[in-house]
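What follows is a single structure, written as structure tokens, with notes after it.
The values are calculated or read from the model by the stated rules, or taken from the named source; none is laboratory data. Keep in mind the model is a prediction, meaning the values are calculated, not measured. Every residue, glycine as well, gets a Cβ built from its backbone with ideal geometry; the counts of neighbours run over all protein chains shown.
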Amino acid sequence: MAHFSKHTDDATLWNYFRSGDENAYTELASRYYRTLIQYGQRFTSNMQVIEDILQDLLIHLWLHRESINDTPSVKFYLIKSFRHRILKSIKPLSGEVELTDQFDDAYAEHSGEDFMIQNETAYALEKQLKTIVEQLPTRQQEVIYLRFFQNLQPEEIGGLLSINPQSVSNIIQRALHNLRKRWVSPPPYLAFLFAFTQILY
């Protein structure tokens, strides 16, 4: 078996995994485990259910590795597969699936791994942003999470949610508009983000 590190790209790991390399499979599972757990919390706060569904997905992937196709985005493939399984599993239990409002972990990952927020002022801004996002409709919350925290493109989000990319862009635009209305005086970097995304969407 080959040896891999955190610097090995997803495409290489995916190809080795499909050919039966356990090290590649382990690295992929480790790389995306936390991301998928956090995404599962958008649907339910029951961690046991989330972990069980994720374990089932990982086992399924390993058992069917030889028949799994190549993919241009491993992250998108895993999120889409996990979303399908979690909706299929949770709906019979609850009767109706609703996103939870637990964005703490998502913001912790975003700040810790991307911005490394270390001072109290930045932390206060982060908590304020989290509180405002939690006031958005659940669909807007999910799209914002997928676009800005998981870096999925509108085309990928559309495929994930079974809507067209233009609808995704419209949802993002409405969400950003709602954020601007709720945050009267955003800090400069967020004001820039609002202006920039207005051009994009």
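Here are the numbers for this structure:
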| read-out | value |
| --- | --- |
| Qualifying positions in region 52-82 - over 22 Å from residue 161 (Cα atoms) and among the acidic types (Asp, Glu) | 52, 66 |
| Qualifying residue in region 2-20 (condition: among the aliphatic types (A, V, I, L, M), at pLDDT 90 or above and surrounded by 12 or more Cβ atoms within 10 Å (Cβ to Cβ)) | yes |
| Residue ranges of helices (runs of 4 or more DSSP H) in region 64-183 with at least 1 members closer than 30 Å to residue 21 by Cβ and at pLDDT 80 or above | 74-94, 154-161 |
| Pick from region 21-53, criterion of a type outside the set (Lys, Arg) and exposed (fewer than 13 other Cβ atoms within 10 Å of the Cβ), ranking: farthest from the chain's Cα centre (by Cα) | 22 |
